[in-house]
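Engineer: Pasting a structure below so you can have a look.
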Amino acid sequence: MSSDYMDSDPQVLKTEGFHMFNVGVDFAKAVTALQTGLTALEKGDTPPWGDDDIGEKFGVVYEGLRDGMYESMASLAERLAGMGVAFTKMGVKHELNEAEQEAVWQRTMSEYDGQVQVPSRSVQATLRPRQDL
């Protein structure tokens, strides 16, 4: 069922934003550990897969994939952390907006407070700002 409104909880946005940011940070650490481990394996005169004809062909494919993986994984880590920051900012902005709207409502209600008497039967009325006499 669709609706024309959004119901959000600022505290959930901020909390989950923090968690998403940490996922990005943890993923970045894992990427660094993977790169460090693979670099250590690749050291030496002979690659770990050998330098024969098949090993050489494997090395060409592997290095292309490895370099692309390093680039994309670092980008993904950055984007995950960025999503967390964005969720957190959304939660803060939503709280500020709700506080502003509450203040507007309070000011509006204070302008008309005590001016309207509701009879027991159905009526139509026009509201106007309070006029101090």
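The values are calculated or read from the model by the stated rules, or taken from the named source; none is laboratory data. Nothing here was measured: the structure is a model prediction, and the numbers come from that model. For neighbour counting, all protein chains shown are included, and Cβ atoms are generated from backbone atoms with ideal geometry for every residue, glycine included. Note: accessible area is taken over every heavy atom of the protein model, side chains too, but ligands, DNA and RNA are not part of it. Shrake-Rupley method; radii C 1.70, N 1.55, O 1.52, S 1.80 Å.
Engineer: Which value at 222 nm does the chain reach when only helices count, each DSSP H run of 4 or more adding -39,500 (n - 2.57), with the total divided by all residues and rounded to the nearest 500 deg cm²/dmol?
Structural biologist: Numbers: 2 runs with 93 residues, N = 133.
After summing the helix terms and dividing by the residues of the chain, the value is -26000 deg cm²/dmol.
Engineer: Suppose all protein chains stay in the model; what accessible area per residue would a 1.4 Å probe give for the chain, in Å²?
Structural biologist: Here the per-residue accessible area is 82 Å².
Engineer: Let me ask something else. Can you tell me the order of 29-40, 85-96 when each peptide is scored by its average per-residue count of other Cβ atoms within 10 angstrom, highest first?
Structural biologist: Numbers: 29-40: 12.2, 85-96: 15.4.
So the order, starting with the most tightly packed, is 85-96, 29-40.
Engineer: While we're here: Just one of (i) 43, 35, 27; (ii) 99, 30, 19; (iii) 40, 34, 27 is Cα extents along the principal axes in Å calculated from these coordinates, so which is it?
Structural biologist: Answer by label: (ii).
Engineer: Mind checking the angle between helix 53-112 and the chain's longest principal axis? C-alpha axes, 0 to 90 degrees, to the nearest 10.
Structural biologist: Once rounded, the angle reads 10 degrees.
Engineer: Also: Mind checking the angle between helix 10-42 and the chain's longest principal axis? C-alpha axes, 0 to 90 degrees, to the nearest 10.
Structural biologist: 10 degrees
Engineer: Let me ask something additional. Distance in nm between label sites at Gln11 and Ala103, each 7 Å beyond Cα in the beta-carbon direction?
Structural biologist: Inter-label distance under the simple model: 2.3 nm.
Engineer: If you don't mind, there's one more thing I want to ask. Applying a 10 Å radius around every beta-carbon, put 16-24, 64-72 in order of their mean neighbour count, most first.
Structural biologist: Numbers: 16-24: 16.4, 64-72: 11.8.
Descending mean neighbour count gives 16-24, 64-72.
Engineer: Each label point is 7 Å from the Cα along the Cα-to-Cβ direction; what then is the distance between the points at Met83 and Ile54, in nm?
Structural biologist: Distance between label points: 4.0 nm.
Engineer: Which of the lysines could a cross-linker bridge to Lys89, judged by Cα under 20 Å and excluding same-chain residues fewer than eight apart?
Structural biologist: Of all the lysines, those that pass the test against Lys89 - Cα under 20 Å, at least 8 places apart if same chain - are Lys14.
Engineer: Could I have the simple spin-label model distance between Phe18 and Leu41, label points 7 Å from Cα toward Cβ, reported in nm to one decimal?
Structural biologist: In this crude spin-label approximation the distance works out to 3.7 nm.
Engineer: Rounding to the nearest 20 debye, state how big the charge dipole of segment 1-89 is about its Cα centre with +1 on each Lys and Arg Cβ and -1 on each Asp and Glu Cβ.
Structural biologist: Details: 7 positive and 15 negative charges, 89 e Å.
Here segment 1-89 has a charge dipole of around 420 debye.
Engineer: With the full set of protein chains in place, find how many percent of the accessible area of the chain is carbon and sulfur; take the probe as 1.4 Å. Write out the running numbers ahead of the final one.
Structural biologist: On the way: 6310 of 10940 Å².
Reported share for carbon and sulfur atoms: 58 percent.
Engineer: Starting from the Cα of Lys57, draw a straight line to each of the lysines and keep only those under 25 Å, dropping any in the same chain fewer than 8 residues away.
Structural biologist: Within the straight-line cut-off, Lys57 pairs with Lys43.
Engineer: Please work out how much length the chain gains when fully extended from Met69 to Arg130, using 0.36 nm per residue of separation minus the C-alpha to C-alpha distance, in nm with one decimal. If you can, show how the numbers build up before the last one.
Structural biologist: Working: separation 61, 0.36 × 61 = 21.96 nm, distance 6.73 nm.
Residue separation times 0.36 nm, minus the Cα-Cα distance, leaves 15.2 nm.
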